[in-house]
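Derivation of every value follows stated rules applied to the coordinates shown; laboratory data play no part. Given the structure is predicted, the values throughout are model-derived calculations rather than measurements. No Cβ is skipped: glycine too gets one built from the backbone with ideal geometry, and neighbour counts run over all protein chains shown.
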C-alpha cells in the first residue's frame, strides 16, 4: 500500500519494482513523469524560501561536528527534490523532500519542541513564520488536488503497463 496526503493506492510499490524488471526504460520515464506531476508544488516550495530568515542563520552552525548552517536561499531551492522510493521502510512512494539541512530545519523547527533555553528560543523565533511545516507542506496543499489527480492517472498507467507485460508470455 502507498499513501499520499489523502490518496491510498495498493500495490504501487510492487508494480514499480516489477516495472524495473519488465521495462527499465519505462521505469526511468516514470521518474521523469512523477517529477513533472509534482512540479507545481516543487516550484511553489522553491519560491517560498526567502533570502534570509533569522540573522544568525548566515553563520556556520556545526553541532557535534555536523554542519547544519549557514542558510543559503539557492541551496534551499536546489534541495527541493522529487523521489520515487519503493523501499518498504517509507510509507510514501512518490515524495517531495528537502535535502538541504538548513532548509529542512527552518521548515520543521518546533515540531518536536526545542531542547534547552537556546532551542526553545530558536523555536519561538521560528514560529513568527508559522507552525511547522512552514514551506513544504503549504506548497503541497496549495496544489494537492491537481497533483493527486495526475498522480493517480500516472499510477494507473504504470499498473496497466505492468499488467500488460505480466499477461503476455
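Taken along the Cα-to-beta-carbon direction at a fixed 7 Å, the label points for residue 154 and residue 68 span 3.2 nm. Judged by the mean number of other Cβ atoms found within 10 Å, the most tightly packed of the peptides 127-134, 104-111 leads the ranking 104-111, 127-134. Helix 24-48 axis versus longest C-alpha principal axis of the chain: approximately 30°, rounded to the nearest ten.
Within the listed set 45, 15, 76, the residue fluctuating most in the Gaussian network model of the chain (springs between alpha-carbon atoms under 10 angstrom) is 15. Axis angle, to the nearest 10 degrees, between helix 116-126 and the longest C-alpha principal axis of the chain: 70 degrees. Counted over segment 46-91 with a bin width of 5 Å, the fraction of Cα pairs per bin, in whole percents, is 5, 18, 19, 17, 14, 15, 10, 3, 0.
Volume per residue of the convex hull around the Cα atoms, evaluated for segment 2-167, comes out as 129 Å³.
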